[in-house]
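Presented below is the structure to which this report refers.
The values are calculated or read from the model by the stated rules, or taken from the named source; none is laboratory data. Here the structure is a predicted model, which is why all the values come from computation and not from measurement. Here the Cβ positions follow ideal geometry from the backbone for every residue, glycine too, while neighbour counts run over all protein chains shown. Heads up: the accessible areas ignore ligands, DNA and RNA and are worked out on the full protein's heavy atoms, side chains in. Shrake-Rupley method; radii C 1.70, N 1.55, O 1.52, S 1.80 Å.
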Amino acid sequence: MVTGLASLGLVLLAVLGDLDTAAQAASVAGSVVSLAALLVSVLALFWSGGGSPTVRRVRAGRGAIAVGGNITGAAVGKDVAVTGPPTSTGTTPHAPLDGADVRARANGIAVGGDVTDSAIGEGGQR
């Protein structure tokens, strides 16, 4: 709406006034609009977190297991085995990952997503 009114005003100035004055007014209006657009884009950059994907840090202490995503049909850990066919019938949609850090302290286990049909830990079997 504001741009429509500004355009109408510049057209009226060009028709009713002289072209030099209209050109100067258009130049000033263009500068003001471009500065406002720059301000809005900088504010949007800071409010949206930069537009970059969320970074997830995955850390494991000594002897620990840390997985940053989903695990399906895996054997993770010392002396762990997945034997036989998968126990699940069909595919289960995984929960979306939120970007939170995953940290397992010494000898601990941490998974940042869903664990499906897996054996995790020391001596585990499925």
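Below, the figures for the structure above:
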| quantity | calculated |
| --- | --- |
| Filter result for Val58 (closer than 30 Å to Ala106 by Cβ and open to solvent by 40 Å² or more (accessible area, probe 1.4 Å)) | yes |
| Boolean, Ser7 is over 30 Å from Val102 (Cβ atoms), out of contact with any Pro (no Cβ under 8 Å at 6 or more places or on another chain) and modelled with pLDDT of 85 or more | no |
| Residue under evaluation Ala26, criteria (1) free of Cβ contacts under 8 Å to residues at least 40 places away in the same chain; (2) open to solvent by less than 70 Å² (accessible area, probe 1.4 Å); (3) under 30 Å from the mean Cα position of the chain (by Cα), criterion not met | (3) |
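Per-residue answers, yes or no, for (1) surrounded by fewer than 16 Cβ atoms within 10 Å (Cβ to Cβ); (2) more than 14 Å from Arg126 (Cα to Cα); (3) modelled with pLDDT of 80 or more:
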site: Asp79; (1), (2), (3): yes, no, yes
site: Thr87; (1), (2), (3): yes, no, no
site: Thr92; (1), (2), (3): yes, yes, no
site: Ala110; (1), (2), (3): no, yes, yes
